[in-house]
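Undergrad: Below you'll find the structure I mean.
The values are calculated or read from the model by the stated rules, or taken from the named source; none is laboratory data. Quick caveat, the model's predicted, so the values are computed rather than measured. Cβ coordinates were reconstructed from backbone atoms using ideal geometry, including for glycine residues, and neighbour counts include every protein chain displayed. Ligands, DNA and RNA are excluded from the accessible area calculation, which covers all protein heavy atoms including side chains. Shrake-Rupley method; radii C 1.70, N 1.55, O 1.52, S 1.80 Å.
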Amino acid sequence: MFENLKIGEIARTVVRQVLEAGISDAELNNLRNPDYCKQYLGLNVPMLIPYEGEIVKRYYVEPVNVNGENYLLTNDWYETPLNNDRSKLLEWLQSQEKNVLRINVSSAEAAESIKNSHAKIILVTLNDTPDENTLTKIVDAIRTETNARIVLNLVHTDIKELPDCTGNEGGLFKNCKYFGGLGLPKCFEADLSIMDFDNCPNLMMLNANNKKYTTHDFVLYSDGGKTLYMCPQGRKNIEIPEGITKISEYAFAGCKNLSEITYLGTTTQWFSINKEENWDEWITIKVIHCSDADIIFKNKQKDEN
């Protein structure tokens, strides 16, 4: 499931969701133990340390809530020939299988499978193409699920566009509060709108590799990867690749929890990016991390109020 992802993408999204779904107290103690993390995860620091309100080197800024307490999750992951943590992290995820249910089903069975599951994270892969009515029923099942985060993978379908639900005053996934992610097929060709994901505060992953969209760090890009098009609303930190030329107007719509942006290019490159009007309306972060320095971020809209 995660083999084609970079280790940082796995840590920022999948690992965070698994941790927030809850782990045993014994495992929580293990992940705070540096010796355990060195032996079983290849880390030079504990995976988790208590959150004390401060930024700590080698850890993501945004805390993760595990079993009711806040911790910082390490960002010190490597996958080089001399230092490769990847296989050990995948093994750890496999050990948490009791919390994660993978469902590979026909579209006709998907809605009931979601309703009957008791897992905390449900990864649903459709193995055929649903008609509009069936897809709507699947999304309705996602919308009414309040005990699990659900990722819907459409990569094996022939869906070219999402059904038009504007008559319901919102897009297809509106108010799917525990919707965790969406995978799009290669044939997908329609424009996506922020209304398609209106009020999806736990949306962490958008995944695509087609003519219309690509993804980096589960953030959606258009124009062959040159435009940052849409960041999932539930993200707390993202990594933006070097080489983008534009950030679209609604790229960060609803991203109220975003607390850390890392840009892999330089500060000069960051300032040269074309940023459409109101692109930063929803952003409350104070710093953008670039490869050569940090930028003190000033939100134009909020500063003017």
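Undergrad: Restricting the first residue to segment 281-300 and requiring it to be of a type in the set (Val, Ile, Thr), which pairs with a second residue that is in a loop (DSSP other than H, G, I, E, B) and open to solvent by 40 Å² or more (accessible area, probe 1.4 Å) meet a Cβ separation below 8 Å and a spacing of at least six or different chains?
TA: Filtered contacts from segment 281-300: THR284/LYS256; ILE296/LYS286.
Undergrad: Exactly one of these conditions fails for LYS246: (1) modelled with pLDDT under 90; (2) more than 21 Å from VAL14 (Cα to Cα); (3) of a type in the set (Lys, Arg). Give me its number.
TA: Going through (1) modelled with pLDDT under 90; (2) more than 21 Å from VAL14 (Cα to Cα); (3) of a type in the set (Lys, Arg) one by one, LYS246 breaks only (1).
Undergrad: Would you check which residues across segment 60-84 are among the hydroxyl-bearing types (Ser, Thr, Tyr), assigned to a strand (DSSP E or B) and more than 16 Å from THR13 (Cβ to Cβ) and list them?
TA: Of the residues in segment 60-84, the ones among the hydroxyl-bearing types (Ser, Thr, Tyr) are 60, 71, 74, 78, 80.
From the residues that got through so far, the ones that are assigned to a strand (DSSP E or B) too are 71, 74, 80.
Once the filter is applied, which keeps residues that are among the hydroxyl-bearing types (Ser, Thr, Tyr), assigned to a strand (DSSP E or B) and more than 16 Å from THR13 (Cβ to Cβ), segment 60-84 yields TYR71, THR80.
Undergrad: Is there a residue in segment 110-121 that is under 24 Å from PRO241 (Cβ atoms) and either touching a residue at least 40 places away in the same chain (Cβ under 8 Å) or in contact with a Phe, Trp or Tyr (Cβ under 6 Å, 6 or more places away or on another chain) (or both)?
TA: Within segment 110-121, none of the residues are under 24 Å from PRO241 (Cβ atoms) and either touching a residue at least 40 places away in the same chain (Cβ under 8 Å) or in contact with a Phe, Trp or Tyr (Cβ under 6 Å, 6 or more places away or on another chain) (or both).
Undergrad: Let me ask you something else. If only one of THR157, THR144, THR129 is polar (S, T, N, Q), out of contact with any helix residue (DSSP H, G or I) (no Cβ under 6 Å at 6 or more places or on another chain) and open to solvent by less than 20 Å² (accessible area, probe 1.4 Å), which one is it?
TA: Only one candidate passes the filter, namely THR157.
Undergrad: Checking the condition of a type in the set (A, V, I, L, M, F, W, C), in a helix (DSSP H, G or I) and touching a strand residue (DSSP E or B) at 6+ places or on another chain (Cβ under 6 Å), which residue from TRP279, TRP270 passes?
TA: TRP270
Undergrad: Out of HIS289, HIS216, report the one residue that is in contact with a Ser or Thr (Cβ under 7 Å, 6 or more places away or on another chain), under 28 Å from ARG58 (Cα atoms) and of a type outside the set (D, E, K, R).
TA: Of the residues listed, the single one that is in contact with a Ser or Thr (Cβ under 7 Å, 6 or more places away or on another chain), under 28 Å from ARG58 (Cα atoms) and of a type outside the set (D, E, K, R) is HIS289.
Undergrad: Of all residues in segment 210-234 being free of Cβ contacts under 8 Å to residues at least 40 places away in the same chain and charged (D, E, K, R), which is surrounded by the fewest Cβ atoms within 10 Å (Cβ to Cβ)?
TA: LYS211
Undergrad: Still on this structure, I have one more. Kindly indicate whether any position in segment 237-247 is open to solvent by less than 10 Å² (accessible area, probe 1.4 Å), of a type in the set (D, E, K, R), within 22 Å of ASN274 (Cβ to Cβ) and in contact with a strand residue (DSSP E or B) (Cβ under 8 Å, 6 or more places away or on another chain).
TA: no
Undergrad: Next up: Would you pick out the residues in segment 288-305 that are at pLDDT 90 or above and either open to solvent by less than 80 Å² (accessible area, probe 1.4 Å) or in a loop (DSSP other than H, G, I, E, B) (or both)?
TA: Answer for segment 288-305, where residues must be at pLDDT 90 or above and either open to solvent by less than 80 Å² (accessible area, probe 1.4 Å) or in a loop (DSSP other than H, G, I, E, B) (or both): ILE288, HIS289, CYS290, SER291, ASP292, ALA293, ILE295.
Undergrad: Also, quick follow-up: Step by step: first the residues of segment 45-59, then only those that are part of a loop (DSSP other than H, G, I, E, B) and within 18 Å of ARG12 (Cα to Cα), then the one that is most open to solvent (accessible area, probe 1.4 Å). Which residue is that?
TA: Out of the qualifying residues, it is LYS57.
Undergrad: So which residues in segment 105-114 are closer than 22 Å to VAL14 by Cα and either in a helix (DSSP H, G or I) or acidic (Asp, Glu) (or both)?
TA: ALA110, SER113, ILE114, listed by residue number.
Undergrad: Sticking with this one: So which residues in segment 25-71 are closer than 20 Å to ASN202 by Cβ and of a type outside the set (Phe, Trp, Tyr), if there are any at all?
TA: Passing the criteria: VAL61, GLU62, PRO63, VAL64, ASN65, VAL66, ASN67, GLY68, GLU69, ASN70.
Undergrad: Restricting attention to segment 89-119, which residues are more than 19 Å from the chain's Cα centre (by Cα), closer than 18 Å to VAL139 by Cα, open to solvent by 60 Å² or more (accessible area, probe 1.4 Å) and at pLDDT below 90?
TA: Result: LYS115, ASN116, HIS118.
Undergrad: Given the structure, is SER193 farther than 19 Å from GLY8 by Cα, modelled with pLDDT of 95 or more and either buried (at least 20 other Cβ atoms within 10 Å of the Cβ) or among the small types (Gly, Ala, Ser) (or both)?
TA: no
Undergrad: Report yes if LEU162 is out of contact with any Pro (no Cβ under 7 Å at 6 or more places or on another chain) and open to solvent by 10 Å² or more (accessible area, probe 1.4 Å), otherwise no.
TA: Numbers: out of contact with any Pro (no Cβ under 7 Å at 6 or more places or on another chain): yes; open to solvent by 10 Å² or more (accessible area, probe 1.4 Å): yes.
Considered against the rule, which asks whether it is out of contact with any Pro (no Cβ under 7 Å at 6 or more places or on another chain) and open to solvent by 10 Å² or more (accessible area, probe 1.4 Å), LEU162 comes out as yes.
Undergrad: (1) touching a helix residue (DSSP H, G or I) at 6+ places or on another chain (Cβ under 9 Å); (2) at pLDDT 95 or above; (3) under 19 Å from PRO232 (Cα atoms): which one isn't true of ASN278, the others all being true?
TA: Of (1) touching a helix residue (DSSP H, G or I) at 6+ places or on another chain (Cβ under 9 Å); (2) at pLDDT 95 or above; (3) under 19 Å from PRO232 (Cα atoms), only one is false for ASN278: (2).
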